[in-house]
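Trainee: Below you will find the structure I want to go over with you.
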Amino acid sequence: MPMTAPPLEVLPDPHLLVGDERISTSSGGWHEHRYAATGTATRRVPLAGDAEIDAAVRAARAAAPAWAALPRDNRRRLLLAVAELIRTNADELTTTTVIENATPVSLAAHSPHLTADLFEYNAGWADKIGGTVEATWPVPAFDYTVEEPYGVIGVIIPWNGPLASIGMVVAPALAAGNCVVLKPPELAPWTSLRFGELLLEAGIPPGVVSVVPGGPSAGEALTSHPGIDKLHFTGSGATARRVLAGAQQNLTPVCLELGGKSANLIFADADLPAAVQQAVGGIVQLAGQTCLSGTRVIAEDSVYDAVVDMAVDILSQLTVGDPFDADTHMGPVVSAAAADRIMSMIERARTECRVVMGGERMSGEFAAGYYIPPTVLADVDNDSYIAQNEVFGPVLALLRFSDAAEAVRLANDTPYGLAAYVWGKDLQHTHRVVAELAAGNVWVNGFFGIPPSVPFGGVKASGYGRTGGREGIREFTRPKNVWIAL
Ligand code: NAD
């Protein structure tokens, strides 16, 4: 069956949104966006250069005082209107997501609703951020602390889930009273641009959010801009180091949401089918290109072989294919460069472990796209390259342990600390294991996504700061203390 041709008419016209101006030429050059399932060009994207980043920051600074001073209930209502528009336009946003990064449509269809949920949740904070009255001594005084917005937040997001990133980061930033300069990557600019249009349609004042797609030079212009009060970066550790180098020029505070190599611990008493189903889901969902996937499966000796067999069995029954086909479970990876990088990691792993499934580029009707099949690597040594580095592709590494101490040691023995998963029926034991894990988020005996109300983020090389919940709102406010003599 030939691949479905992407309906390009849903894409917004290529532009940058600065204030309420749609700019269709730009000083940063152009990027030819490609549909990953076929490798064919979609549209050329204008890339922000220094001038457009500067204009967006200026627009945000001009809009910031009025946005911060807006009565809280108005801000709440505006954010709820954004959520409503996202839901009304969910079908179009879903199609745009499929074109943008080849997320299979069955998965992409959840994305707009997840983002709308996040806007609704954060709208609820807009009229609840207050402060505290403090105790003081030795003289009588009235002392209070009030949580204020920073002003202008520079938000840099990755290509793997722009809508989700927007919900997790832009929604709380706005709810807390900040303006945002949003820089989506050139690889996936379309949903962010459409989102910018929806914001204006919802009545969010011009300049409160500008959308300036771009590559590294746009990122550098944003991170080093003196008009940015805080940076929120989601992406890889390598880029994070460059973000910090830009931020140090103005001592701009930074929140970092980075990658992972998350452990998935399966104890012998676990519900094995459920555990393995969830573990393989980590490499199937968006072809393993999600930060929190538990791609390092560490199973107890006595069930190890059964886990390997079950993983292969489940993955053999899944459909890899056309992202627009509702029955497709897994699509391609995002780009030719990503496919080459992942294949080189698999080639290197071949000498270090056993490839029990996959491991070759897909051919035939898939050859023009960037397809890599689900790949299962067994007998992986935790010191090996494949165990220590994020693949960001459909590759599951299976390791074994003989007791809980070894399980915890292996789980923690990577530079990362984003998520961890634990499977086992003895909850007392499971709690003891969870307490030992170096990870920002731990899921026990199941995974149903991240509710908007919980904090999400990493430790160690997976970053710092949190998105989501009360902590996610706190990232975007700073305390001011006031002491008044009585
Ligand atoms: P990336 O680091 O290559 O790019 C991320 C963003 O940084 C893009 O917008 C890119 O254009 C921009 N950028 C590139 N060079 C820059 C520079 N010099 N200065 C400033 N910005 C620059 O990451 P990616 O390939 O887009 O995304 C994959 C990575 O993101 C993975 O490591 C993944 O685990 C991580 N990720 C983390 C989370 C999380 O919440 N923890 C969520 C999604 C993805």
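Trainee: For residue 425, give me every one of the lysines with a C-alpha distance below 30 angstrom, ignoring sequence neighbours fewer than eight places off in its own chain.
Mentor: Excluding near neighbours in sequence, the set is 261, 460.
Trainee: Could you give the length gained on full extension between residue 429 and residue 318, defined as 0.36 nm per residue of separation minus the Cα-Cα distance, in nm?
Mentor: So the chain would gain 36.6 nm between residue 429 and residue 318.
Trainee: Under the classification rounded if a/c is under 1.5, otherwise prolate if a/b is larger than b/c and oblate if not, where does the chain fall, given a ≥ b ≥ c as square roots of the Cα gyration tensor eigenvalues?
Mentor: It comes out oblate by the Cα gyration axes.
Trainee: Which percent, to the nearest 5, of DSSP beta bridges fully inside the chain are antiparallel?
Mentor: Among the beta bridges of the chain, antiparallel pairing accounts for roughly 40 percent.
Trainee: Now for a separate question. Enumerate the lysines that residue 128 could reach by cross-link, defined here as Cα to Cα under 27 Å, with residues fewer than 8 away along the same chain left out.
Mentor: Of all the lysines, those that pass the test against residue 128 - Cα under 27 Å, at least 8 places apart if same chain - are 230, 480.
Trainee: Among 5-13, 139-147, what's the highest-first ranking by average C-beta atoms within 10 angstrom per residue?
Mentor: 5-13, 139-147
Trainee: While we're on this one: Tell me the label-point distance for the pair residue 245, residue 483, using the 7 Å Cα-to-Cβ offset, in nm and rounded to one decimal.
Mentor: If labels sit at residue 245 and residue 483, their model points lie 4.2 nm apart.
Trainee: For 125, 423, which order do you get if you count the other beta carbons within 10 Å of each Cβ and list the fewest first?
Mentor: 125, 423
Trainee: Would you mind working out the magnitude of the charge dipole of the chain relative to its Cα centre, with +1 at each Lys and Arg C-beta and -1 at each Asp and Glu C-beta, to the nearest 20 Debye?
Mentor: Here the chain has a charge dipole of around 1180 debye.
Trainee: What number, in percent, do you get for the relative contact order of the chain if the mean sequence gap of Cα pairs under 8 Å and at least 6 apart is divided by its residue count?
Mentor: Averaging sequence separation for qualifying contacts and normalising by length gives 18 percent for the chain.
Trainee: Also: What does the charge count near residue 418 come to, summing +1 for each Lys or Arg and -1 for each Asp or Glu among other residues with Cβ under 14 Å from its Cβ?
Mentor: That works out to +2.
Trainee: Just want the ordering: 427, 70, 251, from fewest to most Cβ atoms lying within 10 Å of their own Cβ.
Mentor: Ranked by crowding around the Cβ, least crowded first: 251, 427, 70.
Trainee: By how many nm would the segment from residue 8 to residue 132 lengthen if fully extended, with 0.36 nm per residue of separation less the alpha-carbon distance?
Mentor: Going from the current span to full extension adds 39.5 nm.
Trainee: Have a look at 312, 238, 377 and report the one farthest towards the positive end of the charge dipole of the chain, computed about the Cα centre with Cβ charges (Lys/Arg +1, Asp/Glu -1).
Mentor: 238
Trainee: Helices from the chain with mean Kyte-Doolittle at least 0.0 and a Cα length along the axis of 27 Å or more, per DSSP H: which?
Mentor: Sorted by number, the helices that extend far enough and score high enough are 50-69.
Trainee: Between residue 365 and residue 271, how high is the FRET efficiency from 1/(1 + (r/R0)^6) when r is the Cβ-Cβ distance and R₀ = 35 Å? Nearest 0.05.
Mentor: Once the sixth-power term is evaluated, E becomes 0.40.
Trainee: Right, something else. Treat the count of other C-beta atoms within 10 Å as a stand-in for reagent exposure and order 179, 291 from fewest to most.
Mentor: 291, 179
Trainee: Also: Can you tell me the length gained on complete extension of the stretch residue 383 to residue 74, counting 0.36 nm per residue apart and subtracting the Cα distance?
Mentor: 105.8 nm
Trainee: Work out the charge dipole of the chain with +1 on the Cβ of Lys and Arg and -1 on the Cβ of Asp and Glu about the Cα centre, then indicate which of 473, 336, 62 is farthest towards its positive end.
Mentor: Positive-end residue among those listed: 62.
All of the numbers you see were taken from the coordinates with simple rules; none came from a lab. Because the structure is predicted, anything quoted here is derived from the model rather than measured. Backbone-built Cβ (ideal geometry, glycine too); neighbour counts: all protein chains shown.
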